[in-house]
Number of protein chains: 4
Amino acid sequence: MSDARHKVLVITSGGDAPGMNAAVRAAVRMGVHLGLDMWGAHRGYHGVIDADIEPLTNRSVSNIIQRGGTVLHTARCPAFREKEGRDRAAAVLTENGFTGLIAIGGDGTFSGLIALDHHWDGLTVGVPGTVDNDLSGTDFTIGFDTAVNTALEAIDRIRDTAASHDRIFLVEVMGRHAGFIALAAGIAGGAEHILIPETPTDIEAIGRAITAGRTRGKTSQIVIVAEGDEAGGAFDVGEKLQDLIGSDYRVCVLGHVQRGGTPSAADRILATTLGAFAAETILDGVSGQMVGLVSGDRRRTPLTQAVGTRKTVDPYLVRLIGILSQ
Amino acid sequence: MSDARHKVLVITSGGDAPGMNAAVRAAVRMGVHLGLDMWGAHRGYHGVIDADIEPLTNRSVSNIIQRGGTVLHTARCPAFREKEGRDRAAAVLTENGFTGLIAIGGDGTFSGLIALDHHWDGLTVGVPGTVDNDLSGTDFTIGFDTAVNTALEAIDRIRDTAASHDRIFLVEVMGRHAGFIALAAGIAGGAEHILIPETPTDIEAIGRAITAGRTRGKTSQIVIVAEGDEAGGAFDVGEKLQDLIGSDYRVCVLGHVQRGGTPSAADRILATTLGAFAAETILDGVSGQMVGLVSGDRRRTPLTQAVGTRKTVDPYLVRLIGILSQ
Amino acid sequence: MSDARHKVLVITSGGDAPGMNAAVRAAVRMGVHLGLDMWGAHRGYHGVIDADIEPLTNRSVSNIIQRGGTVLHTARCPAFREKEGRDRAAAVLTENGFTGLIAIGGDGTFSGLIALDHHWDGLTVGVPGTVDNDLSGTDFTIGFDTAVNTALEAIDRIRDTAASHDRIFLVEVMGRHAGFIALAAGIAGGAEHILIPETPTDIEAIGRAITAGRTRGKTSQIVIVAEGDEAGGAFDVGEKLQDLIGSDYRVCVLGHVQRGGTPSAADRILATTLGAFAAETILDGVSGQMVGLVSGDRRRTPLTQAVGTRKTVDPYLVRLIGILSQ
Amino acid sequence: MSDARHKVLVITSGGDAPGMNAAVRAAVRMGVHLGLDMWGAHRGYHGVIDADIEPLTNRSVSNIIQRGGTVLHTARCPAFREKEGRDRAAAVLTENGFTGLIAIGGDGTFSGLIALDHHWDGLTVGVPGTVDNDLSGTDFTIGFDTAVNTALEAIDRIRDTAASHDRIFLVEVMGRHAGFIALAAGIAGGAEHILIPETPTDIEAIGRAITAGRTRGKTSQIVIVAEGDEAGGAFDVGEKLQDLIGSDYRVCVLGHVQRGGTPSAADRILATTLGAFAAETILDGVSGQMVGLVSGDRRRTPLTQAVGTRKTVDPYLVRLIGILSQ
């Protein structure tokens, strides 16, 4: 393998996102096709620091495209946030002859790549793998579509049972700092109210709207709450609404369910495209970039920009919430 | 319709259960086939008390077999727990010429039927429709299989993300008084621990087992908690385990998600069989019975026995939990 | 309603596409919000010709966002291809005071709209609703994402059973003139070969590749066939491959399964956005346009261009097929 | 391991059935718990003949309970039908010190076990793993419930699109000799006609019923065809009906899709129970038996009886087809 054009390490890092395996598969197979020497580390930056690595071949990534989670495992790595940890990682990369590092993850993962750049002179490429969809430079992140569909299934099921009950149903979805999942699942599920961090939440106005909806004959009232909304989680919001309008409430907290599951077609195609493009990016000798897909076109965006520019929710969808939930 | 052999009212009552629509459809179509005059009331016993009724034809129940929820709507009816409410219901039934009442629901619904028997001399038939599976006289209740599969999907998704994290994942499922859903979903999901009301819960033993599992190299630890377990809900159990062994935990509370969704094949077949058999039971002039399916055979069990005899979880499955979650 | 700013008729036409109901709901509710008088016709252009129409309110479109098929029903209408039929339709529209027509469908539906323009002076708006994704002016058509996920589920299931058998598995998916579904489902499913109308199919090369894959130890070989591929359907291709390399083969023909089912989140959001935007387009007084979504932005494209410009499959994905299926 | 009470080989054989992995996992973990020395062979009887075996531990069967297919792989093995092949298998078993063989499969697999009994004096246990459900001695076979749900999803999707079309939709499901899948999926899907090998098929009567249904206003007509029906497959039946009543038809052939997919909760619980019980059966020194579940109770049935007694479809369900599809 000494004549390979690059020796490349692949990691998955941060929270799991469905489609990470498809990205690993595509990066490895495209890398092999391009004559790169492909390796994987386990548990994200932990595996780099600990030199917990293995060579990856076309066979290694067989039959994983449809599987949730990540065969390389993922983890958050506090040690990597310290200079000492990054020095250690850089030493491992250099000692093992790596000239490229492909990291699949979210903003924390990319901040790690950016920081590593000061310690190591190999090529770094970020692949956007996070259910949160909060990265600039790509229409969607890997895992977002699956997470939204998972939340949507829950909303649909609750809708079946919500009719005719004098109750408010609250569904808490992921999103500490961003409302992408809440907004998408809520619009798709026809939710009456969607609480997201990006917009101010007026509990009293929601209470009045619920009461008005009942007067109009609405048979169900479903409220989607992004976990990071300033009004609190679903239990908090339910309690406040009960105090305001006296309605009983029921809560569903989806939690990590949204990080797992067989990835959707869109997530697999996105992951496949970006994984392959990441390997090509290494071959092109380009570094410090996130690969993304914008309106079907492959794009490279500086990691600093992908992390630093705030992606905003679609204001048209926000406007539709009130208009369509009549 | 004056020459119909019976005028029969169908209601769905209590908590929603997937498959209720399939039971309504089968009762109506078999009833029509047998020459009965079929009607439906809305919102369970409310609709009886309020005479909120409509005739049901073969067309009325078209294209509903696959739908979650119930087209007749369901509700709990406190008024029916009072003698006055039941008197009013009996008067409505008599005034409208009904000679049969088919009620699809759980133990509360059946207790209502039993109580009504003292006020009205028509024929009463219960159809077991509840996700809880806690009725004697039938292997399974309508809705149980779907609810278990819904809980199982959540467990599978969490399993994808649970690997390699130093975390405990807790999934809270339905079951205030019975652990059928928790046990079935937990066994099917390969959960490490299953907390049900029927068995004593020893949090300290669970903490020790989790620690031991980690030592053995187990990469995930999933705990299923029936909402009615004496140790509390999933958040309570998570907190206690964290105090004991210092592990971080993540919670999923499924809630009413388990009551909705497209019914499974098994639930539809069960509902279809029992709905049809309920109409035949009216024609046979039999009253005060619950229809059930035992090992593929249609059975009638006195409502008092269906409600009064405690159905127990399978001790073999309980024994398997510890053996199989190695 | 005489003071409504427009009286608008909504139809769904051509082959069913999951998400049509979400588009109808959004068009109606946004229309009501904008002060338009909203109506629906049944069975596409049939309902226009026959004046089979009904007013649509916010309540009419309750609880349909999640349902497959279309509550307005759809049909192909040969009569509308004749001048006489379109004259009749125009007369019905005029006599009933309609000033706008929103048609949800594919290229046949839009060709109808274009032709109607010579007979009627109302405003026409097309909403791209077809599983085929073969319309220019929008990144995706409503129904495509769901259809691809449906095909993908079938491929995943077959993959489970394909291991270790000395067999070729062929899956035939929709696409008479376009390979979008085949390409997307095949890439997402990790298919070994994908036969689409847009590219020449060399059966002998495929046979050699299958044999070579076996030699390399591949345990399964899945071939996706778009129904319109020039090599024939899945049975034809299977027969030819058997003749060439002597392998047994198994076929799955999905057919109309791909047109049904609960719409995916992406299809519902797309349908919701475009349905609402169609109503706004009427209010804006714009005619002869298809509404579409390009990289998240709402766009209007002349119907003639949407139908007349050939949308091409992504050549990068086509190139990936051979590279990734190692 | 020489002090293990038994050295046991596990195989999966015949057509794949969802849940086979859950059965392997339970057999292995219960076996380990009981002090047995557990091994697996690959590709069914092929792996026995070729001594292609590996030890199985608790870790070997981690994280497979939810996976379709079988980690041991399965195959049909013509060599095992010859005395020579069975002699070879018996020699391998003896030479390797095996005293028990657990075979998960259908009637062909069990016939193999019965035949092996004349060549080898170890203990044989059969576990019913086949989507066909055609084995006596168990209410259901492992894989049947999942296969039915898979077929049902296809029927539901077609139902969405079947409304208002002057078309007949035919769905071909598995069942060469038995109509269990067709009957269950057809009843659950509300199919208008269900063609199974067990009952005579009168195409002309079906044609008349379809015409009569249209006259009554039925908006869709779905026909389920078991692949082994004497009238032929779905394409044949569609052609005949078209000739008779002039209707256009559309066909879905599900094929091996029905053998794959994540197993349902019921299949996993059944497989878990029977896998564990198979290991206990070895410890009990019982041989030549199939383990089964009858109304929740674990049962042993002589393999000869499980294979030799014809299991019949539920005549009540057969009777319901015509009554309920009005």
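Values quoted throughout were computed directly from the atomic coordinates according to the rules given, and no laboratory measurement underlies them. Predicted model only: the values in this text are computed from it and were never measured. Here the Cβ is made from the backbone with ideal geometry for all residues, glycine too, and neighbour counts use every protein chain on show.
Largest first, please: the extent of the C-alpha atoms of the range B:144-259 along each principal axis, to the nearest Å.
36, 28, 19
List, in order, the whole-Hz ³J(HN,Hα) value for each residue of the range A:59-64 obtained from phi through the Karplus relation with A = 6.51, B = -1.76, C = 1.60 and θ = phi - 60°; use x for Gly and Pro.
Values per residue, Gly and Pro as x: 5, 4, 10, 5, 6, 10 Hz.
Would you please calculate the Kirkwood hydrodynamic radius of chain C over all C-alpha pairs and express it in Å, rounded to one decimal?
Result for chain C stands at 20.6 Å.
Dipole size in debye (nearest 20) for the range D:144-259 around its Cα centre, Lys and Arg Cβ +1, Asp and Glu Cβ -1?
Charge dipole, the range D:144-259, about its Cα centre: 340 debye, nearest 20.
Separation between the A:Arg176 and A:Thr312 pseudo-spin-labels, each 7 Å from Cα along Cα→Cβ, expressed in nm?
2.5 nm
Would you list the membrane-span-like helices of chain C, meaning whole DSSP H runs whose alpha-carbon atoms span at least 24 Å along their axis and whose mean Kyte-Doolittle value is at least -1.0?
C:144-162, C:265-283
What are the residues whose amide H is under 5 Å from the amide H of D:Gly40, where those residues sit 5 or more places off or on another chain and H is modelled from the backbone?
Answer set, sorted by chain and number: D:Val10, D:Glu54, D:Leu56.
Using modelled amide H (1.01 Å from N, peptide plane; none on Pro or chain starts), what sits under 5 Å from the amide H of C:Ile194, excluding residues fewer than 5 places away?
C:Ile224
In terms of the Cα gyration tensor, with a ≥ b ≥ c the square roots of its eigenvalues, is the range A:201-326 rounded because a/c is under 1.5, prolate because a/b exceeds b/c, or oblate?
Prolate, because a/c is 1.5 or more and a/b exceeds b/c.
Can you tell me which aspartates and glutamates have their Cα less than 16 Å from the Cα of D:Lys311? Leave out same-chain residues fewer than eight positions away.
Result set, ordered by chain and number: B:Asp297, D:Asp107, D:Asp132, D:Asp134, D:Asp139, D:Glu198.
Using only the alpha carbons, work out the radius of gyration and Dmax of the range A:1-54 in angstrom.
So, for the range A:1-54, Rg and Dmax equal 11.7, 35 Å respectively.
Where the convex hull is taken over the Cα atoms of the range B:1-116, what is its projected area averaged over directions, in nm²?
The orientation-averaged projected area of the Cα hull of the range B:1-116 comes to 6.4 nm².
Just flag the trypsin sites (Lys or Arg not before Pro) in the range A:71-180 sitting in loop per DSSP whose Cβ has no more than 10 other Cβ atoms within 10 Å.
Hits after loop and neighbour filter: nothing returned.
In whole angstrom, note down how far apart the Cα centers of the range B:208-279 and the range D:134-155 are.
Here the two parts' Cα centres lie 25 Å apart.
Defining the label point at 7 Å along Cα→Cβ, can you sort the distances from D:Asp236 to the same site in each other copy, shortest first, in nm?
2.3, 6.2, 6.6
Just the Cα atoms of the range A:181-233, one point each, no solvent: what log10 I(q)/I(0) does Debye give at q = 0.19, 0.29 Å⁻¹?
Taken in order of the listed q values, log10 I(q)/I(0) reads -0.64, -1.16.
Run the label-point distances for C:Ala212 please: 7 Å along Cα to Cβ, every other copy, nanometres, shortest first.
List, nearest first: 5.5, 6.0, 6.6 nm.
Taking the Cβ of D:Leu152 as the center, what net charge do the other residues with Cβ under 12 Å away carry, scoring Lys and Arg +1 and Asp and Glu -1?
Net charge around D:Leu152: -1.
Ignoring the sites themselves, what is the longest stretch of chain A with no GluC sites (Glu not before Pro) in a DSSP loop and at most 15 other beta-carbon atoms within 10 Å?
A:83-229
Just need log10 I(q)/I(0) for the protein assembly as shown at q = 0.06, 0.07, 0.08 Å⁻¹, Debye formula, equal scatterers on the alpha-carbon atoms, no solvent, rounded to two decimals.
After summing over all Cα pairs, the log10 values are -0.51, -0.71, -0.95.
If amide H atoms are built 1.01 Å from N in the plane of the peptide, which residues on other chains or at least 5 residues away come under 5 Å of the amide H of A:Tyr249?
Long-range HN contacts for A:Tyr249: A:Ile168.
If the elastic network links every pair of Cα atoms under 10 Å, which of C:Ala278, C:Ala23, C:Ala91 fluctuates the most in the Gaussian network model of chain C?
Of C:Ala278, C:Ala23, C:Ala91, the most mobile in the Gaussian network model is C:Ala91.
Using a label point 7 angstrom from Cα along Cα-to-C-beta, what distances in nm, from shortest up, separate D:Gly285 from the other copies?
Once sorted, the set of distances for D:Gly285 reads 5.9, 7.8, 9.7 nm.
Please list, in order along the range D:4-19, the HN-Hα scalar couplings obtained from phi with the Karplus expression 6.51 cos²θ - 1.76 cosθ + 1.60 (θ = phi - 60°), rounded to whole Hz, x for Gly and Pro.
3J(HN,Hα) across the range D:4-19, in whole Hz: 5, 6, 8, 10, 10, 9, 10, 10, 10, 9, x, x, 4, 9, x, x.
Excluding C:Glu227 itself, what net charge comes from residues whose Cβ is under 14 Å from its Cβ, given Lys and Arg +1 and Asp and Glu -1?
Charge balance in the 14 Å sphere: -4.
Taking the rotation that carries C onto A, look along its axis and tell me which residue of C has the beta carbon nearest to it, distance in whole angstrom.
Residue nearest the C-to-A axis, with distance in whole Å: C:Ser295, 2.
Could you tally the net charge around B:Gly100, taking each other residue with its Cβ under 12 Å from the Cβ of B:Gly100, Lys/Arg +1 and Asp/Glu -1?
Charge balance in the 12 Å sphere: -2.
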